[in-house]
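Peer 1: Structure below; questions to follow.
The values are calculated or read from the model by the stated rules, or taken from the named source; none is laboratory data. The structure presented is a predicted model; accordingly, all values stated were derived computationally and were not measured. Here the Cβ positions follow ideal geometry from the backbone for every residue, glycine too, while neighbour counts run over all protein chains shown. What goes into the accessible areas is simple: the full protein's heavy atoms, side chains included, and nothing from ligands, DNA or RNA. Shrake-Rupley method; radii C 1.70, N 1.55, O 1.52, S 1.80 Å.
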Amino acid sequence: MGLDAAVRAACTDTDGISVVTRNNRRVATMRSDLFDGDGLIAEIEILRGDLSEVFYEATKDNTEYLFGDRIESLSEDADGVSVRFASGLERRFDLVIGADGLHSGVRSLVFGPESDYIRHLGHYLSFFTVPNRLGLDRWALGYGEPGRTAGIRSIHENREAMGFLSFRAEQLAYDYRDVDAQRALVRSRFAGAAWEIPWLLTQMDSAPDFFFDSCSQIEMDSWSAGRVALLGDAACCPSPLSGQGTSVAIVGAYVLAGELAAAGGDHVVAFARYEAAMRPFVAVNQKMGRSNAAVSSPRGRLGIVAQVMAAIVLPRLPFKSLLMRAMLRGVNAIELPDYAHLATH
């Protein structure tokens with residue numbers, strides 16, 4: 001897409017991660033170059049907001065953006081889709097692509113309630129920007145207690161840091177739009193925790209980008225209905241535990257756009273081809289998400305000890321590249337079609 005340089009310029013540039021004790025003693029370390037740049041800390045990692053900015057800057061001159069609004073109703077006929085937004089704005093479109101995340105409003109309007117499609121993986125996570133008070137230099141720290149984990153990594157050329165909190169829980173009832181309630185939930189789950197967690201909890205209220213959600217997957221028999229299709233997490237969220245949500249979304253957008261061009265705008269043909277191309281890729285990555293969920297945030301101290309031992313031993317194994325190749329099967333489980341000959345500009 002011609003955005004490689006912009007993405008590399010905005011990446012987090014993290015050299016590795018250390019597992020620490022409650023007193024910040026480093027007991028295991030894994031560098032980003034351990035698996036040729038594709039390990040737990042990858043050679044190229046970019047924050048969600050920074051990637052959005054890259055996309056926006058690349059498209060703002062020929063794309064209309066309506067910020068602070070959402071689709072409230074859809075009405076389809078043979079020629080298009082009439083859309084009413086929450087702001088009261090009414091518009092007409094040829095197609096509607098719901099790329100609005102795990103809690104997709106478009107999906108609920110067209111395909112039915114979220115509960116029909118969501119699969120909870122037993123974890124919740126939160127992350128938000130904090131000061132880099134530990135003076136981390138292109139580095140990340142991870143800490144674990146039974147059923148909950150935390151981490152801090154430097155970002156933006158070490159000027160700031162990103163805090164991370166995750167805990168195990170069965171599916172909880174909460175309003176995903178009520179940020180104050182989400183902060184209270186995180187505080188309750190991490191009450192009495194050690195390491196830097198008490199300080200992280202004090203930073204949540206002032207963080208400009210507080211995020212909280214479940215680690216869940218979306219499973220659907222079809223990603224389209226008429227002139228409406230779903231993309232990314234709205235269609236097939238593999239969960240943050242897969243590490244592949246952004247990749248699945250971007251690859252899906254590339255394939256969907258390419259198939260629409262290849263079909264001359266015939267959405268019936270394009271939607272079917274898009275789904276056929278993406279299904280195997282999504283299946284592999286969702287399986288990886290479920291596998292990672294089984295070992296994340298161990299329930300007991302023995303599980304935490306096992307994780308630390310793995311972090312110590314793995315870098316020393318002579319066959320570690322074989323282990324990484326097995327993981328990369330999910331990352332590379334699709335051969336991207338070449339649509340360059342179809343581009344008009």
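Peer 1: What is the residue count in the range 104-138 for residues that are open to solvent by less than 50 Å² (accessible area, probe 1.4 Å) and assigned to a strand (DSSP E or B)?
Peer 2: 11
Peer 1: A follow-up question, please. Find the residue count for the range 180-192, including only residues that are of a type in the set (Gly, Ala, Ser) and either touching a Phe, Trp or Tyr at 6+ places or on another chain (Cβ under 9 Å) or closer than 13 Å to Ser126 by Cβ (or both). Full working, then the answer.
Peer 2: In the first step, residues of the range 180-192 are kept if they are of a type in the set (Gly, Ala, Ser); the result is 181, 184, 188, 191-192.
Retained after the next criterion (residues that are either touching a Phe, Trp or Tyr at 6+ places or on another chain (Cβ under 9 Å) or closer than 13 Å to Ser126 by Cβ (or both)): 181, 184, 188.
Number satisfying all stated conditions: 3.
Peer 1: Separate question: Here is a check on your reading of the model: is Asp175 in a loop (DSSP other than H, G, I, E, B) and free of Cβ contacts under 8 Å to residues at least 24 places away in the same chain? Write out each step before concluding.
Peer 2: Numbers: in a loop (DSSP other than H, G, I, E, B): yes; free of Cβ contacts under 8 Å to residues at least 24 places away in the same chain: yes.
Yes.
Peer 1: Looking at this structure, is Val251 in a helix (DSSP H, G or I), surrounded by fewer than 23 Cβ atoms within 10 Å (Cβ to Cβ) and touching a residue at least 24 places away in the same chain (Cβ under 8 Å)?
Peer 2: Details: in a helix (DSSP H, G or I): yes; surrounded by fewer than 23 Cβ atoms within 10 Å (Cβ to Cβ): yes; touching a residue at least 24 places away in the same chain (Cβ under 8 Å): yes.
Here the answer is yes, as Val251 does meet what is asked.
Peer 1: For Leu141, only one of the following conditions fails: (1) touching a residue at least 24 places away in the same chain (Cβ under 8 Å); (2) more than 30 Å from Thr21 (Cβ to Cβ). What is its number?
Peer 2: Condition not satisfied by Leu141: (2).
Peer 1: I would also like to ask the following. Can you list residue pairs whose Cβ atoms sit under 7 Å apart, with the first residue in the range 92-105 being on the phi > 0 side of the Ramachandran plot and the second being part of a loop (DSSP other than H, G, I, E, B)? Count only pairs 6 or more apart in sequence or on different chains.
Peer 2: The qualifying pairs do not exist here.
Peer 1: Any chance you could count how many residues in the range 77-103 are out of contact with any Leu (no Cβ under 7 Å at 6 or more places or on another chain), within 21 Å of Ser222 (Cβ to Cβ) and open to solvent by 60 Å² or more (accessible area, probe 1.4 Å)?
Peer 2: 5
Peer 1: If you don't mind, there's one more thing I want to ask. Give the range 9-44 a look and list any residue that's open to solvent by 60 Å² or more (accessible area, probe 1.4 Å), among the polar types (S, T, N, Q) and at pLDDT 85 or above, or say none. Don't jump to the end; show me each part of the working.
Peer 2: Start the filter on the range 9-44 by keeping residues that are open to solvent by 60 Å² or more (accessible area, probe 1.4 Å), which leaves 9, 13, 22-23, 25-26, 29, 31, 33, 36, 38, 40, 43-44.
Restricting the remaining residues to those that are among the polar types (S, T, N, Q) gives 23, 29.
Matches in the range 9-44: Asn23 only.
Peer 1: Considering each of Glu72, Glu64, Glu57, Glu53 in turn, give the residue that is assigned to a loop (DSSP other than H, G, I, E, B), acidic (Asp, Glu), surrounded by fewer than 17 Cβ atoms within 10 Å (Cβ to Cβ) and modelled with pLDDT of 90 or more.
Peer 2: Details: Glu72 fails: assigned to a loop (DSSP other than H, G, I, E, B); Glu57 fails: assigned to a loop (DSSP other than H, G, I, E, B); Glu53 fails: assigned to a loop (DSSP other than H, G, I, E, B).
The conditions single out Glu64.
Peer 1: Does any residue in the range 190-213 that is over 15 Å from Glu160 (Cβ atoms) come within less than 6 Å, Cβ to Cβ, of a residue that is open to solvent by 40 Å² or more (accessible area, probe 1.4 Å) and assigned to a helix (DSSP H, G or I) six or more places away or on a different chain, and which pairs are these?
Peer 2: Leu201/Arg187
Peer 1: Now for a separate question. Give me the residue from the range 76-103 that is part of a loop (DSSP other than H, G, I, E, B) and of a type in the set (A, V, I, L, M, F, W, C) and, out of that set, modelled with the lowest pLDDT. If you could, list the steps in order and put the result at the bottom.
Peer 2: So in the range 76-103, the residues part of a loop (DSSP other than H, G, I, E, B) come out as 78-79, 86-89, 94-95, 99-103.
Adding the requirement that they be of a type in the set (A, V, I, L, M, F, W, C) leaves 78, 86, 89, 95, 99, 102.
Values: Ala78: 92, Ala86: 97, Leu89: 97, Leu95: 97, Ala99: 97, Leu102: 96.
For the range 76-103, the residue satisfying everything is Ala78.
Peer 1: Here are some conditions: (1) within 30 Å of Asp33 (Cβ to Cβ); (2) acidic (Asp, Glu); (3) free of Cβ contacts under 8 Å to residues at least 12 places away in the same chain. Glu157 meets all but one. Which one does it not meet?
Peer 2: (3) is the only condition that Glu157 fails.
Peer 1: Look through the range 178-203, keep the residues that are modelled with pLDDT of 95 or more and in a loop (DSSP other than H, G, I, E, B), and return whichever of them is farthest from the chain's Cα centre (by Cα).
Peer 2: Among them, the one singled out is Gly192.
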